[in-house]
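To keep things clear, I will list the structure first and then write my remarks on it.
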Amino acid sequence: MLVTLCYSRWASGKIFIRLAITPVRCLEMSHSIYTRFLSDTVNAFVFADASSEQTKTVEFNVKPGGVVHTFTEGIGEYECTFTYASQGGTNEQWLMSVGLSDDDRLFSCSVWRPQGKSYLFFTQFKAELKGTKIEYANAYSQTAATGQSDVPLKPEEFTIGDTTVTHNDGKFKAQLSKLTAIGRTRHVEL
């Protein structure tokens, strides 16, 4: 089966996405490639139309030295906390983006090194979403930068729980450059 994904950015900044089963002149890919593309980029599309009050990107330093560090950012009642310990090298500039969908039903958190691959060795990591139940998460040893592709960690290297994404002791290979989680909020329509 061939799935076609078309998207364009309108002048207003909104992204229009169209999926089709029949071939059209857009980005064409097999179902398996489309599934990976969608899961790797869902964060960008879900929150592309969110207002500035509903998205936030901040810089922070990832510090080596083997000491456990924590960085937290949030929007309203929802928070993302990234906890880690790493060794080797010097501080690296990382980014954390958090976003809340327009209908307040999805909260997203992405933590990544914008230069691509991290040169630090992580002894542990955990991302925790407060106020949500995680529906999608992935972690990567390398991020797309300078012509490179995202390289996901092997499934056995990390565990996705209801509110956390964390490394698996003895299976995590110490390489982390990006972590993304999307959680469904406990938002209730009245």
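Couple of notes before you dig in:
- First in the stretch 154-172 and under 21 Å from PHE121 (Cβ atoms) and of a type in the set (Lys, Arg), second anywhere and open to solvent by 30 Å² or more (accessible area, probe 1.4 Å) and not in a loop (DSSP other than H, G, I, E, B), Cβ under 9 Å, 6 or more apart: LYS171/GLU156
- Counted as qualifying within the stretch 92-190 are the strands (runs of 3 or more DSSP E) with 1 or more residues that are open to solvent by 50 Å² or more (accessible area, probe 1.4 Å), namely 92-100, 106-112, 121-130, 132-142, 158-160, 178-185.
- Total residues in the stretch 109-138 satisfying the condition of being within 19 Å of GLY88 (Cβ to Cβ) and hydroxyl-bearing (Ser, Thr, Tyr): the figure is 3.
- So SER86, is it at pLDDT below 95, open to solvent by less than 80 Å² (accessible area, probe 1.4 Å) and not charged (D, E, K, R): no
- From the options GLY66, GLY89, residue that is part of a loop (DSSP other than H, G, I, E, B), free of Cβ contacts under 8 Å to residues at least 40 places away in the same chain and of a type outside the set (Phe, Trp, Tyr): GLY89
The values are calculated or read from the model by the stated rules, or taken from the named source; none is laboratory data. Worth saying up front: this structure is predicted, and the values here are computed from it rather than measured. Note that each Cβ is placed from the backbone with ideal geometry, even for glycine, and that neighbours are counted across all protein chains shown. Ligands, DNA and RNA are stripped out before the accessible areas are found, and what is left, the full protein with its side chains, is counted by its heavy atoms. Shrake-Rupley method; radii C 1.70, N 1.55, O 1.52, S 1.80 Å.
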